[in-house]
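S.K.: Questions regarding the structure given below will be posed in turn.
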Amino acid sequence: MEAQSSSRIGLTTTQAPFIEEARAAGDLYIHQPYELYSEENHTAWNRLYARMHDRWEKYANEHFLRGIESLCFNPDRVPKLEDVNGFLNPLTGFRAKAVSGYVPAFTFFDCLRNREFPTTITIRSAEKLDYLPEPDIFHDIAGHVPMHTDKAFADALVRFGDCAHRAAEIAASSGRDEQSLHRLSSIIRAMARFFWFTIEFGLMKSSNSDGLKVYGSGLLSSYGEIEHAIESAEVQRYPIQLEWVINQHFEIDTYQPILFYVESFDHLFELVTELESWMMNGRLNNVALGEPVVNEADLKSFLEAGV
Ligand SMILES: [Fe+2]
């Protein structure tokens with residue numbers, strides 16, 4: 001009886017008792033209780049997926065489109081992580097790993113280093129398909145995971161994880177005085193901005209020179225913003241500059257007014273390497289204040305990384 005009523009409630013974002021229980025028990029890594037998805041959950045996936053199709057064809061970069069093909073999603077059903085990983089893992093060694101909610105910054109980046117992608121398993125309500133502040137399985141699996149099928153992109157993500165490791169080493173060799181914590185906050189803020197303007201909202205020059213294409217997952221999972229990012233005259237699009245990106249604040253609940261493009265994923269990889277060398281040279285120690293706010297859990301995750 002209980003299973004039946006849970007399955008009616010489903011795994012809807014912010015309304016899933018399964019997730020509440022996991023959080024209450026302190027379980028970050030969980031399994032995907034596939035039987036709990038309700039028909040409404042599958043309908044939400046189907047609507048989200050169906051309406052993105054044409055926009056992906058038009059605006060997504062070629063690596064993403066190949067990724068979508070190789071993952072063989074069923075447009076009608078929420079994907080099983082196990083099935084997704086069956087297709088993904090042989091390509092780049094990456095796998096989606098179910099989590100119950102927010103993953104502190106170091107833990108998240110460290111997962112990338114191990115070719116694991118923390119993945120939300122809940123899905124937004126079918127009645128509210130547009131913006132929601134929380135990630136959901138559509139953002140994570142349809143927006144992020146197809147990119148992880150690309151070797152060069154996957155390598156850049158792993159490199160980013162290495163960079164976080166470096167930051168944790170710096171934290172481990174510093175004190176916990178005010179100045180050291182200010183420095184660590186600044187480094188985490190710089191990394192979060194870099195991640196935002198590349199992995200989440202990045203654009204890339206198209207190899208067949210038909211302009212810019214989208215590779216950032218925040219755009220790839222947004223029906224409205226993917227078009228806005230490419231077509232709108234309101235958006236400023238610039239070649240990526242590290243010194244700008246690390247100092248540029250951003251807001252999460254509005255269409256992005258500034259986007260940056262890379263030449264290729266090899267270029268992205270080089271930028272992560274450069275970010276790391278800037279970190280080692282102290283150039284990330286005092287980046288501009290503003291969003292994102294580095295919270296206690298993020299700081300703690302770096303301080304207690306045990307590297
Ligand atoms: Fe994301």
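Read-outs: derived from the displayed coordinates by stated rules, not from any lab. Note that the coordinates shown come from a computational prediction; the quantities given were computed from them, not determined experimentally. Cβ sites come from the backbone with ideal geometry, for glycine too, and all protein chains shown count toward neighbours.
S.K.: For the chain, what is the calculated [θ] at 222 nm in deg cm²/dmol (nearest 500), taking -39500 (n - 2.57) for each run of four or more DSSP H residues and dividing by its residue count?
M.R.: -15000 deg cm²/dmol
S.K.: Could you tell me what fraction of 2.2 N^0.38 Å the Cα radius of gyration of segment 66-159 comes to, as a two-decimal ratio?
M.R.: So segment 66-159 has a normalised radius of gyration of 1.05.
S.K.: Under a point-charge model restricted to the Cβ atoms of Lys and Arg (+1) and Asp and Glu (-1), what is the dipole moment magnitude of the chain relative to its Cα centre, in debye to the nearest 20?
M.R.: That gives the chain a dipole magnitude of about 360 debye.
S.K.: How high is the FRET efficiency from Ser277 to His182, r the C-beta distance, R0 22 Å, rounded to 0.05?
M.R.: The formula returns an efficiency of 0.55 here.
S.K.: Still on this structure: Separation between the Trp244 and Arg166 pseudo-spin-labels, each 7 Å from Cα along Cα→Cβ, expressed in nm?
M.R.: It is 2.3 nm.
S.K.: Give the Debye-formula value of log10 I(q)/I(0) at each listed q (0.08, 0.09, 0.12 Å⁻¹), with one equal scatterer per alpha carbon of the chain, two decimals each.
M.R.: -0.35, -0.44, -0.80
S.K.: Name the helices (complete DSSP H segments) of the chain with a Cα length along the long axis of 27 Å or more and a Kyte-Doolittle mean of at least 1.6, or state none.
M.R.: Span-like helices, by this rule, are absent here.
S.K.: Within the chain, what's the longest stretch lacking GluC sites (Glu not before Pro) that sit in DSSP loops with no more than 11 other Cβ atoms inside 10 Å?
M.R.: Between exposed loop sites, the widest span is 1-126.
S.K.: Among His148, Ile170, Val293, whose Cα lies farthest out toward the positive end of the dipole of the chain, if unit charges sit on the beta carbon of Lys, Arg (+1) and Asp, Glu (-1)?
M.R.: Checked the options; the winner is Ile170.
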